[in-house]
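Each remark here refers to the structure printed beneath this line.
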Amino acid sequence: MSLQERDKKHLWHPLTQHKLHPETTAITKAKGCILYDDYGNEYIDAIASWYTCMYGHCNAYITSQVSAQMKQLDQVVFSGFTHEPAIKLSESLIKILPKNQNKIFFSDNGSTSVEIGIKMALQYHFNNGEKRNTLIAFEDGFHGDTFGAMSVSGLSVYNGPFEEFFLEVKRIPVPNSKNLDAILNALKDIVSTSKVAGFVYEPLVQGAAAMKMHDAQDLNAVLMFCKEHQIITVADEVMTGFGKTGKHFASLYMDTQPDIICLSKALTGGLLPMALTTCSQKIYDAFYSDDISKGLFHGHTYSANPLACTAALASIELLQSENIQNSIQEIISSHQKFGNYIKKHPKVKSIRQTGIIFALDLNIEMERYGNLRDKLFKFFMDNGVFLRPLGNTIYIQAPYVITKKQLEKVYSVIEDALEIV
Ligand SMILES: *Cc1c(COP(=O)(O)O)cnc(C)c1O
């Protein structure tokens, strides 16, 4: 029996309507930017497996560091115990995070890191003797699939069954360089009628909203408003973190720094699941008390797993290396050239780019998971490139180690794809 047939017996895949999309591709190995299937076909992983494997699949440095750690300490409870991989990771992260960040809380996936950010924001006010029950979020944001994260996500097309159970959230439009006054007025209305605890946002690039991008100055104005009103700002950098925007973190493009930052995805270079919620001393201090109930009573079995910490530590070393920093710059200028060329194509409505994140919108209306989108996806795969269009948006978020030749192939397959739509 083929892997595909065996898969169908017991497996239930994420974000999949199995009746409409019964087929899977079995991936048997991956190296660098290439995925290999069970028929020996090769695919360039142009979205770095959901933006995780930025240093290439099975990166030799990361895997060797983790295999050495594996022989030393595999897993241990992180309440009451500590270990060097977590300590070293905290030291190396604090050096690169925005300056106001000083404490690091571990979990194991992006949604949960947001969940923790929300709990920190709510309990911060609670511990200070003030009940604030409302959160602010952008329209079209995406923050994950657990309840708190779903609540702040504006992309709620598939949240129908759950909406009545959500947290109290008020939405503001995403800055588009013309609507800052309208946003600030909306914020004034919200704070005059609601007790706002926090603002959760994806800085500069909204991933699941099809790589929608906004301006750093406008976002900075929103963050300043939040600071003035003691609204805790929670930057969801699960996607934008670790070099994607050209800087180590998107938040570094703003003068006003968030109180809390959520990280995952590229954190471990895709080797192991891990997430972090980092915060400023001010947040931590609100929980530091003789009163036990003021603590953050949240924890996960695999918090600060030593192997995941080691993978993260190795990834951050790579991120800071001259090699990777040069590759990031090369990808940025290569995308710029491609963008300038492809934007003249009659089937292209617009292009946008932040750092190594490149997106183009097609001149046609398409459903997010509709037939034309499926046709495009199949075309890319048939031509050896793994890209997942979102509605009428085709985007690239390739590993930093992608070669010139591989990148050229991604571009040319995208250009060819314009002929079939
Ligand atoms: C992927 C993503 C999440 C959710 O992370 P998971 O690990 O899939 O739970 C949250 N926020 C952003 C911005 C993301 O891109």
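Check V222 against each of (1) surrounded by fewer than 23 Cβ atoms within 10 Å (Cβ to Cβ); (2) away from the ligand (no atom under 16 Å from the Cβ) and name the one condition it does not meet.
It fails just one condition, (1).
Anything in segment 84-115 that is among the β-branched types (V, I, T) and free of Cβ contacts under 8 Å to residues at least 24 places away in the same chain? List them, or say none.
I87, I94
Only one residue in K99, K95, K103 is among the charged types (D, E, K, R), in contact with a strand residue (DSSP E or B) (Cβ under 8 Å, 6 or more places away or on another chain) and under 22 Å from T240 (Cβ atoms), so which one is that?
K103
May I ask you to verify whether K170 is more than 16 Å from the ligand (Cβ to nearest atom), more than 21 Å from the chain's Cα centre (by Cα) and surrounded by fewer than 21 Cβ atoms within 10 Å (Cβ to Cβ)?
yes
Tell me yes or no: at least one residue of segment 154-161 is touching a helix residue (DSSP H, G or I) at 6+ places or on another chain (Cβ under 8 Å), small (G, A, S), over 30 Å from L267 (Cα atoms) and away from the ligand (no atom under 14 Å from the Cβ).
no
Among (1) more than 16 Å from the ligand (Cβ to nearest atom); (2) under 26 Å from K188 (Cβ atoms), there is one condition Y284 misses while meeting the rest; what is its number?
Of everything listed in (1) more than 16 Å from the ligand (Cβ to nearest atom); (2) under 26 Å from K188 (Cβ atoms), Y284 misses just condition (2).
Pick out the one residue from K188, K212, K195, K244 that is buried (at least 20 other Cβ atoms within 10 Å of the Cβ) and either touching a helix residue (DSSP H, G or I) at 6+ places or on another chain (Cβ under 6 Å) or within 17 Å of R171 (Cβ to Cβ) (or both).
K212
For segment 6-18, does any single residue satisfy the condition of being more than 14 Å from A311 (Cα to Cα) and among the aromatic types (F, W, Y)?
Yes; the residues of segment 6-18 include at least one that is more than 14 Å from A311 (Cα to Cα) and among the aromatic types (F, W, Y).
Looking at (1) open to solvent by less than 10 Å² (accessible area, probe 1.4 Å); (2) away from the ligand (no atom under 13 Å from the Cβ); (3) in contact with a Gly (Cβ under 6 Å, 6 or more places away or on another chain), which one does V234 not meet, given that it meets all the others?
Every condition holds for V234 apart from (2).
Surrounded by fewer than 23 Cβ atoms within 10 Å (Cβ to Cβ), without any contact (Cβ under 8 Å) to a residue 60 or more places away in the chain, of a type outside the set (K, R) and within 16 Å of the ligand (Cβ to nearest atom): does that describe D145?
Considered against the rule, which asks whether it is surrounded by fewer than 23 Cβ atoms within 10 Å (Cβ to Cβ), without any contact (Cβ under 8 Å) to a residue 60 or more places away in the chain, of a type outside the set (K, R) and within 16 Å of the ligand (Cβ to nearest atom), D145 comes out as yes.
Of all the strands (runs of 3 or more DSSP E) wholly in segment 1-97, which have at least 3 residues that are open to solvent by 60 Å² or more (accessible area, probe 1.4 Å)?
Where strands (runs of 3 or more DSSP E) fall fully within segment 1-97 and carry at least 3 residues being open to solvent by 60 Å² or more (accessible area, probe 1.4 Å), they are 27-31.
Just the residues that are aliphatic (A, V, I, L, M) and under 18 Å from A210 (Cα atoms), please, taken from segment 379-409.
Matches in segment 379-409: L387, L390, I394, I396, A398.
Do we have S113 as small (G, A, S), within 16 Å of the ligand (Cβ to nearest atom), part of a helix (DSSP H, G or I) and closer than 24 Å to S289 by Cα here?
Considered against the rule, which asks whether it is small (G, A, S), within 16 Å of the ligand (Cβ to nearest atom), part of a helix (DSSP H, G or I) and closer than 24 Å to S289 by Cα, S113 comes out as yes.
The values are calculated or read from the model by the stated rules, or taken from the named source; none is laboratory data. Please read all numbers here as calculations on a predicted model, not as lab measurements. No Cβ is skipped: glycine too gets one built from the backbone with ideal geometry, and neighbour counts run over all protein chains shown. Surface accessibility is based on the protein's heavy atoms, side chains included, excluding ligands, DNA and RNA. Shrake-Rupley method; radii C 1.70, N 1.55, O 1.52, S 1.80 Å.
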